[in-house]
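Below is one structure, written out as structure tokens; comments come after it.
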Amino acid sequence: MMRAYLILAAMTNIFCACSSVAQETRDDNPSEQVSYILSRVPLQQEMLVLSRTDGETRLSIRKSEPRSSLPRLRLNADLRDNVAIVPFGHSGRCLAQKSGDDIMVTCAEGADVAGVSLQFDGALPYGAAARGFIAAQGPSEFKLQIVNSGEDAIAPVAASGRLGLPLPYNTGAPFQLVILSPATGGELRLTDLRLLPIPEPRPLNASAWAWQPQAWRESGDLLLRSAAERGLTRLHISLVIAGGKVLHTDELASFIRTASRLNIAIEAVEGDPRMALDEGLSHGLERARAIATYQQSASAETRLKGVQYDIEPYVLLNWGSVQSDYAGWSAAVNALAKAVGNPVDLVLPFWIANDDVGLAFLRDVDPSINGITVMSYRSDGPLAAALAQPLLGWGVTAGKPVRIALETGPVGSESEETFVPAAKGQLALRERDGLITATYYTEPTNVPGARMYASRGTVLTRSDRISFLGDEQRMVEAAHDVARTASAWDSFAGIGFHGLTWPER
């Protein structure tokens, strides 16, 4: 994750299907800026995204944002602006409206059943254990219950003070908060409305990466002291391997032994996008077999606790082609785990569980992995937790632990311009002799025989929205925010800190 290809992954949007493409040469036509080679023709419901990062420009095919599927609500977020207010009752004696940040319910006297339904715009994230939290001011004769949309409140509780309400059984469906008015009427003010995890926040159980082998070889004691002071329980380190053997095994054994006394587990970290290609996999397997040999010869107290693979082939220019795709990635993971002799930990982007192809990849590698670390690189804790929700849900189903990694190292900003099918636009998609190209024009045009795509706008993601940029204290504070939310999933196993600096001699 130190390498440049990880910076690109950190800034990829949540709905990415990530079919990367290679840049072609410029055209002689002055109105054409550049052409890109696509690995396939986009489907009608897909869009094209032009990403510009650190002087590098790439075009990718992505799934369109779902419009019919029910969005997932964010835990710990104030939901008062995320509900539709619907009064009910034949007399029409109840009204509700926003009053500043609050929701004010006002009901006149009456004998009929009346009240207000607050209909949530979304459903509970899959796999989360949560409850509703409501803070109410007003007569306790008002009654509340959260039910599935369209259902009646048959067991409401008194609306008084701060309340924790159970959610309906079918949490994958839309639900609503039903507020029942007493016959005497009155006013009820809702000053808070959110979904909170049921479990108590778990410890950070924090891990970190020390990419340079000299960190443990030459400054091992300083590295471990710094890790212990930071409360880390796991370190991922790079090994020196040559000639099919792990080198500096005496120093490595001593380092692992000392770390164990400090209750810090040591894992090897391996990774290169080219491992998903035949030539890169061959080199990766050689290193994997060397690690397996070390593990077999080492004593119990000097063995690595595991091996982590951070491959990320989706940053390759030919990603999505026959030579570089999800099938090659999953085959590489399975082969590497077999060579290591045990399931491995896998570093993944947060968006991989958001489409069918990514979910199929996860099914393919399931037998070869013992857990995942999700790069949820955002400097806003609640947002980082929200981006990790699909993989946390996957972890619940798969029975695999999920760590959430945050970034504090240097990264670049990224702009993304989205293009959708249109009669006229700036991108022209053409297929000639089996080669699919998308050509960018400076002005909207209509190229005969081409499929045109029009710009839907550009979004800039600043570097300080992705990384904490060296502000370690703020990252740790955000990590606690992440843990408070992620603890709603049984799969949540801790936090990873990437980009920490380590002391040198």
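Computed from the coordinates by the stated procedures, all read-outs in this text should not be read as laboratory data. It should be emphasised that the depicted structure is a prediction, and the values quoted were computed from it without experimental measurement. Every residue, glycine among them, receives a Cβ derived from its backbone with ideal geometry; neighbour counts consider all protein chains shown.
Structure values in brief
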item	result
Region 83-197 shape via C-alpha gyration tensor axes, a/c threshold 1.5	prolate
Relative contact order (percent, whole number), region 389-505, Cα cutoff 8 Å, 6+ residue spacing	40 percent
The chain, relative contact order [Cα under 8 Å, separation at least 6], %	18 percent
Longest to shortest principal axis, alpha-carbon extents of region 388-491, angstrom	55, 35, 23
Mean Cβ neighbour count within 10 Å, used as a protection proxy, ranking 368-374, 445-451 highest first	368-374, 445-451
Simple Cβ-charge dipole of region 420-459, Lys/Arg +1 and Asp/Glu -1, about Cα centre, in debye nearest 20	100 debye
Region 83-197: relative contact order in percent, alpha carbon pairs under 8 Å with at least 6 residues between	35 percent
Part-to-part distance (alpha-carbon centres) for region 491-505 and region 126-169, which is given in Å	40 Å
Span-like helix ranges in the chain, DSSP H, alpha carbon extent 24 angstrom or more, Kyte mean at least -0.5	381-398
Those aspartates and glutamates that a straight Cα-Cα span of less than 17 Å connects to LYS98, excepting residues fewer than 8 apart in one chain	ASP78, ASP81, ASP121, GLU187, ASP192
Charge dipole magnitude, Cβ of K and R +1, D and E -1 - region 138-277, Cα centre, debye nearest 20	260 debye
Simple Cβ-charge dipole of the chain, Lys/Arg +1 and Asp/Glu -1, about Cα centre, in debye nearest 20	640 debye
Sorted peptide list for 342-349, 397-404, 469-476, criterion being average Cβ within 10 angstrom, highest first	342-349, 397-404, 469-476
Shape of the chain, Cα gyration tensor, a/c cut at 1.5	oblate
Under 13 Å from LYS63, Cα to Cα: aspartates and glutamates that are on another chain or at least 8 residues apart	GLU46, ASP355, ASP356
